[in-house]
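Report on one structure; see the data block that follows.
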Amino acid sequence: MKQIVVISGKGGTGKTVVAGSFASLANQKVMADCDVDAADLYLLLHPTIKEKHKFSGGKKAVIDKDRCTGCKKCMEVCRFEAIKEIRSQIVVDAISCEGCGVCKYVCPEQAIRIEEVVNGEWYISDTKYGPLVHAKLGIAGENSGKLVTVVKQNAKLVAEKGNADYIIIDGPPGIGCPVIASIGGADIALIVTEPTLSGMHDMERVIGVAKHFGIKTVVCINKYDLNLKNTQAIEEYCQKSNIKVVSKVPFDKAVIEALVKEMPVVEHSDSSASKEIKDLWDKVQEELKDGK
Ligand code: SF4
Ligand code: SF4
């Protein structure tokens, strides 16, 4: 079973357009939407939720006001300044609290308990393309890297159970903890970039992350014909970095039409972008056969 992660370094490059099309093109696969802060693969795949699970991304201190005598020992030891006195009452600022438990340890009245905070959900769903594992992080939810790991682990379990050939992962944007969690253990990282200065810069940073973790990396330049000079600069950079540009997808109104109709572009029409993405899927499979 091969894990393919589609990443971008920044949002809005067409990563989900590619991942959604791969869902349509690949046989025997499980999809994983690891863009948990802004999950949108479901818009293209129309899942029916079969399993729903709560996600706890951290712990917080809670003070039992009936036990608290107001001695402020907890305030003195909290290095995150998460305990405050408000109108003569000792309270925890849940945003600042890191759940370290030091306050609980020093409280002479056993007035503090540390509770798990539920700040998201993850799901196993059915789609007409096969299973989808996805998630929703709550508002101001923390620890999206941990939620990405939960999504990936469960996608792997579903894939193993169903003898799937591929896990196709729609990765998060950026280069932070969620991206690192999404590329770990992948057989190939497909970076979808666009020929803009910010797209190039973010591509370079995410290539650095993938290289650091030793993941085979290839690049797709989306809407390449909107700026041929920048496209050439991306190709030159990739050549110098020993990374293959496996696809150049042209700007194509059919992509927008497909998004409006909430369907993968490869199913919408036989447009130029659709043909190139079909070809890209073949190339990714060839690269997987090639190994490192
Ligand atoms: S240490 Fe315990 S008793 Fe003292 S202020 Fe904090 S919660 Fe209240
Ligand atoms: S759990 Fe840690 S961070 Fe939270 S209030 Fe207590 S000492 Fe501060």
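Bear in mind these aren't lab numbers, they're just calculated from the coordinates by the rules spelled out. On a predicted model such as this, the values are computed, not experimentally measured, just so you know. Here the Cβ positions follow ideal geometry from the backbone for every residue, glycine too, while neighbour counts run over all protein chains shown.
Under 23 Å of direct C-alpha separation, and excluding same-chain neighbours fewer than eight residues apart, K244 reaches these lysines: K2, K10, K15, K211, K216, K223, K229, K275, K278, K283, K289, K292. So what's the back-of-envelope 222 nm ellipticity for the chain, counting only DSSP H runs of four-plus at -39500 (n - 2.57) apiece and dividing by all residues, rounded to 500? Result for the chain: -11000 deg cm²/dmol, rounded to the nearest 500.
Isolated cysteines in the chain, defined as those with no second cysteine Cβ under 4.7 Å, comprise C34, C68, C71, C78, C97, C100, C107, C177, C220, C238. Karplus-based coupling profile of region 279-284, in residue order and whole Hz: 5, 4, 4, 4, 5, 4, with θ = phi - 60° in 6.51 cos²θ - 1.76 cosθ + 1.60 and x standing for Gly or Pro. Could you work out Rg/(2.2 N^0.38 Å) for region 58-118, with Rg from alpha carbons only? My calculation over the Cα atoms of region 58-118 gives 0.98. The P(r) of the chain has a tail past 27 Å containing 47 percent of all C-alpha pairs.
For L132, L197, L137, L288, the sequence from fewest to most other C-beta atoms within 10 Å is L197, L288, L137, L132. Considering only C-alpha atoms, what is the centroid distance from region 145-166 to region 2-56, in Å? Their Cα centres are 12 Å away from one another.
Computed from phi, the 3J(HN,Hα) profile of region 39-55 under the Karplus parametrisation 6.51, -1.76, 1.60 (θ = phi - 60°) reads 4, 9, 4, 4, 5, 8, 9, 6, x, 10, 5, 9, 9, 10, 10, 7, 10 Hz, with x in place of Gly and Pro.
Pairs of Cα atoms in region 51-158 fall into 10 Å distance bins, from 0 up to the last occupied one, in shares of 14, 36, 22, 17, 9, 2 percent.
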